[in-house]
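The structure appears right after this line, and notes come after that.
The values are calculated or read from the model by the stated rules, or taken from the named source; none is laboratory data. Since the structure is predicted, the reported quantities are computational estimates derived from the model, not experimental observations. Cβ atoms come from the backbone with ideal geometry, glycine included; neighbour counts cover every protein chain shown. With ligands, DNA and RNA removed, areas are computed over all heavy atoms of the protein, side chains included. Shrake-Rupley method; radii C 1.70, N 1.55, O 1.52, S 1.80 Å.
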Amino acid sequence: MAAEQKSAEVTDWAARTGWLVGLALFVALVYWLMREGWKWRGTLQGDLPELPTAPSDPGPAKLTMSGRYHGSTTAGQWLDRIVAHGLGTRSRVELTLTDAGLDVVRPGATDFFIPAEALREALLGKGIAGKVLSEGGLLVVTWAHGDKLIDSGFRSDRAAEHNEWVETLTNMINKTETEGAR
């Protein structure tokens, strides 16, 4: 008896389409849950006061820097991202340091101003809010807003500028503390 020849199996298009639709719905669900989590985090941080805006005449610029804003976190908690008032949005940034404080201009995101008396510390870090860089690759500025201490992370287009920023900000903070103690 001769062996029967079989034809190639035909693809079951209905099952394949069902799997693809199911996968697309699963991805959409995961994205929606992530978005809702982001909004919930913003709601939980709703007690954070509005961000200050730059004064009309902040004075002459001591330093300027262009680069990237990587986010803000609760001070000392480099994974506890603050999303309220747009502080969680990564963006390009133009920083200007004056005697009045630090002006943070972010195209496409909310600008804010850190008054000189709110500045607490400046240091070189390696990570903030899920962004990890090489040692010293991030300028981290700690500042007070309301009753909360916040770390904001910036990376200059020219990383060699970071040391000058840390030194100038530290001197400015020490000067403000000395004047406040009198």
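Provide a single number: the residues in region 39-58 that are open to solvent by less than 50 Å² (accessible area, probe 1.4 Å) and among the polar types (S, T, N, Q).
Qualifying residue count, region 39-58: 1.
Among the listed residues A61, A116, identify the single one that is aliphatic (A, V, I, L, M), closer than 28 Å to E177 by Cα and surrounded by fewer than 17 Cβ atoms within 10 Å (Cβ to Cβ).
A61
Only residues that are part of a strand (DSSP E or B) and in contact with a helix residue (DSSP H, G or I) (Cβ under 9 Å, 6 or more places away or on another chain): list them for region 79-97, please.
R81, L95, L97 - these are the residues of region 79-97 that are part of a strand (DSSP E or B) and in contact with a helix residue (DSSP H, G or I) (Cβ under 9 Å, 6 or more places away or on another chain).
Would you confirm, using the coordinates I've provided, whether G76 is touching a strand residue (DSSP E or B) at 6+ places or on another chain (Cβ under 8 Å), open to solvent by less than 20 Å² (accessible area, probe 1.4 Å), more than 18 Å from P58 (Cα to Cα) and part of a loop (DSSP other than H, G, I, E, B)? Spell out the reasoning first.
Numbers: touching a strand residue (DSSP E or B) at 6+ places or on another chain (Cβ under 8 Å): yes; open to solvent by less than 20 Å² (accessible area, probe 1.4 Å): no; more than 18 Å from P58 (Cα to Cα): yes; part of a loop (DSSP other than H, G, I, E, B): yes.
When the stated conditions are applied, G76 does not pass them.
Let me confirm something: among L63, L97, which residue is at pLDDT 85 or above, within 19 Å of A144 (Cβ to Cβ) and hydrophobic (A, V, I, L, M, F, W, C)? I'd like the intermediate steps shown before the answer.
Numbers: L63 fails: within 19 Å of A144 (Cβ to Cβ).
Going through L63, L97 in turn, the sole match is L97.
I'd like the full set of residues that are open to solvent by 10 Å² or more (accessible area, probe 1.4 Å) and under 11 Å from the mean Cα position of the chain (by Cα), limited to region 141-154. Even if it seems obvious, please write down each step before you answer.
Of the residues in region 141-154, the ones open to solvent by 10 Å² or more (accessible area, probe 1.4 Å) are 142, 144-149, 151.
Within region 141-154, D151 is the sole residue that qualifies.
Residues that are surrounded by fewer than 18 Cβ atoms within 10 Å (Cβ to Cβ), in contact with an Asp or Glu (Cβ under 6 Å, 6 or more places away or on another chain) and not β-branched (V, I, T): does region 121-139 have at least one?
Taking every residue of region 121-139 in turn, at least one turns out to be surrounded by fewer than 18 Cβ atoms within 10 Å (Cβ to Cβ), in contact with an Asp or Glu (Cβ under 6 Å, 6 or more places away or on another chain) and not β-branched (V, I, T).
Does R81 satisfy being among the basic types (K, R) and either open to solvent by less than 90 Å² (accessible area, probe 1.4 Å) or in contact with a Lys or Arg (Cβ under 8 Å, 6 or more places away or on another chain) (or both)?
Answer is yes for this residue.
Can you tell which of D12, D47 is of a type in the set (D, E, K, R) and either in contact with a helix residue (DSSP H, G or I) (Cβ under 7 Å, 6 or more places away or on another chain) or in contact (Cβ under 8 Å) with a residue 12 or more places away in the chain (or both)?
Being of a type in the set (D, E, K, R) and either in contact with a helix residue (DSSP H, G or I) (Cβ under 7 Å, 6 or more places away or on another chain) or in contact (Cβ under 8 Å) with a residue 12 or more places away in the chain (or both) holds for just one of D12, D47, which is D47.
Keeping to region 127-146, report how many residues are outside any strand (DSSP E or B) and without any contact (Cβ under 8 Å) to a residue 12 or more places away in the chain.
Final tally of qualifying residues: 2.
A quick yes/no check of all residues on (1) of a type in the set (G, A, S); (2) touching a Lys or Arg at 6+ places or on another chain (Cβ under 9 Å); (3) open to solvent by 60 Å² or more (accessible area, probe 1.4 Å); (4) farther than 26 Å from G146 by Cβ:
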| site | (1), (2), (3), (4) |
| --- | --- |
| R16 | no, no, yes, yes |
| G22 | yes, no, no, yes |
| M34 | no, no, yes, yes |
| G37 | yes, no, no, no |
| R90 | no, yes, yes, no |
| L102 | no, no, no, no |
| G108 | yes, yes, yes, no |
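Do we find a residue being out of contact with any strand residue (DSSP E or B) (no Cβ under 7 Å at 6 or more places or on another chain) and in a strand (DSSP E or B) anywhere in region 98-117?
Within region 98-117 (the criterion being out of contact with any strand residue (DSSP E or B) (no Cβ under 7 Å at 6 or more places or on another chain) and in a strand (DSSP E or B)), the answer is yes, since at least one residue qualifies.
Of all residues in region 155-182, count the ones that are in a loop (DSSP other than H, G, I, E, B) and over 17 Å from the mean Cα position of the chain (by Cα).
Adding up the residues that qualify gives 4.
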